[in-house]
Amino acid sequence: MKDSARGGQAIFALAPMAGVADSAFRQICKSYGADVVYSEMISATALVYNSKKTLALMKFAKKERPFVVQLFGSKPEHFAVAARIVEKKIRPDGIDINFGCPVKKVARQGAGAALMNNWRLAREIIIATLANTKLPVSIKIRSRVGKVTALDFLKHLADLDIKAVMIHGRSAARGNSGTVDWKMIKQTRPFVKGVLLANGGVKTPADAREFLKKTGADGLGIGQGALGRPWIFSQLATHSSQLINKKFVFKVMLKHAKLAEKLKGKSGIVEMRKHLCCYTSGLASASALRQELVKVETVAEIKRILR
């Protein structure tokens, strides 16, 4: 899809999603053509205190490259330490800073989307990260947080060496639903020296073409649109609107489940339940399937249900 603002091949990235974008899902999305994948949200503060659980969240396979670790937090000094740890111990292809998460638990820490209301602190966080890593640094933001727009926010950061900006076209108040503000994303273009990725509401090749055209973005971040449909990346790249049959969906479900079990054992299958339910969307007897799939603990059980 040669529809990027710069006339080249558009970039289709798996957007960072907490509790969803683990290694198994990232690998599945890469196998279907995702150009770049992001980790789940990683707490910079937890890294400072050497959380083994947090380090484990960042484990990735070589086939996931280019792989970007996304950090969140509210203290520049924590980002400085976290950046050094990520570069030395994880060795990803980039570090992304979250300024877009609207979840109240994150906002109460003064992190995520809350930082768009404090550009001075956000700027300090970016500077601290840049000063402590040689990895490319990118950010993810919202089209609006309260009265502050993405344009307002980026004007204060335009001089910094930010390699990419992903903008979720919905306001923090709207979360993952409602109208996407493509006009706001387009207005930010002059203030983004690096790659501009638009995010929000893309589910079909037609959506992608329209969003790229309207925003002038270099590519798209695909989040909710990839849940239960990781093949969306290959569809976007080839402009394919081919209908996917049940046999194919079941094949991908099993492939994903086997990988989850391999990487995390029984807990991997328990975590897979939400993915399994997404895969059933639009299928005949989806409701009955979901009632069974939300209780599975092994790949063998999934196979039995799908038969």
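Bear in mind that the values in this text are calculations on the coordinates, not laboratory data. Nothing here was measured: the structure is a model prediction, and the numbers come from that model. Cβ placement follows ideal geometry from the backbone for every residue including glycine, while neighbour counts extend to all protein chains displayed.
If one computes the Cα centroid of the stretch 104-127 and of the stretch 59-86, what distance in Å separates the two points? With the stretch 104-127 and the stretch 59-86 each reduced to a Cα centre, they are spaced 17 Å.
Counting only DSSP beta bridges whose two residues both lie in the chain, roughly 5 percent are antiparallel. Projecting label points 7 angstrom from Cα along Cα→Cβ for Ser177 and Ala61 puts them 3.5 nm apart. For the stretch 151-210, the Cβ-based charge dipole about the Cα centre amounts to some 120 debye (Lys, Arg positive; Asp, Glu negative; other atoms uncharged).
Round to the nearest 0.05 the FRET efficiency obtained for Lys155 and Glu77 when R0 = 25 Å and r is the Cβ-Cβ distance. Once the sixth-power term is evaluated, E becomes 0.45. Here's the picture: charge each Lys and Arg Cβ at +1 and each Asp and Glu Cβ at -1 in the chain, and of Gly282, Val137, Ala111 the one pushed furthest to the positive end of that dipole is Gly282.
For the stretch 48-136, rounded, prolate or oblate, judged on the Cα gyration tensor with a ≥ b ≥ c (square roots of eigenvalues), a/c < 1.5 rounded, else prolate if a/b > b/c? Since a/c reaches 1.5 and a/b is larger than b/c, the shape of the stretch 48-136 is classed as prolate. Residues whose amide H lies under 5 Å from that of Ile222, counting only those 5 or more places away or on a different chain, are Ala13, Leu14, Ala15; hydrogens are built 1.01 Å from N in the peptide plane. Full extension of the chain between Glu301 and Ser51 yields a length gain of 86.7 nm, computed as 0.36 nm times the residue separation minus the alpha carbon distance. Calculated over the stretch 192-307, the projected area of the Cα convex hull averaged across directions stands at 8.4 nm².
Specify whether the C-alpha gyration tensor of the stretch 245-298 places it in the rounded, prolate or oblate class, a ≥ b ≥ c being the square roots of the eigenvalues: rounded for a/c under 1.5, otherwise prolate if a/b is larger than b/c and oblate if not.
Taking the square roots of the gyration eigenvalues as a ≥ b ≥ c, the stretch 245-298 is oblate.
Compute the whole-percent fraction of alpha carbon pairs in the chain spaced more than 34 Å apart. Value for the chain: 20 percent of Cα pairs lie more than 34 Å apart. Charged neighbours of Asp159, selected by a Cβ distance under 15 Å, balance to +3 (K, R count +1; D, E count -1). One Cα centroid belongs to the stretch 236-307, the other to the stretch 7-36; the line between them spans 18 Å.
Please arrange Met272, Met184, Met116 by counting, for each residue, the other beta carbons lying within 10 Å of its beta carbon, fewest first.
Details: Met272 27, Met184 18, Met116 23.
Exposure proxy ranking, most exposed first: Met184, Met116, Met272.
Okay, helix-only estimate at 222 nm for the chain: each DSSP H run of n ≥ 4 adds -39500 (n - 2.57), divide by all residues, round to 500 deg cm²/dmol; what do you get?
-11500 deg cm²/dmol
Per-peptide packing, taken as the mean over residues of other Cβ atoms within 10 Å, places 163-174, 282-293 in the sequence 163-174, 282-293 from highest down.
Given 0.36 nm per residue, what is the gain on full extension from Lys193 to Gln242 after removing their alpha carbon distance, in nm?
14.0 nm
The residues Leu157, Leu121, when put in order of fewest to most other Cβ atoms within 10 Å, stand as Leu121, Leu157.
If you rank Val299, Val294 by fewest surrounding Cβ atoms within 10 Å, what's the result? Intermediate values should be presented prior to the final figure.
On the way: Val299 18, Val294 12.
Listed from fewest to most nearby Cβ atoms, that is Val294, Val299.
Per-residue Karplus couplings for the stretch 274-284, computed as 6.51 cos²θ - 1.76 cosθ + 1.60 with θ equal to phi - 60°, are listed in order as 5, 5, 4, 5, 5, 4, 7, 4, x, 7, 5 Hz, Gly and Pro entered as x.
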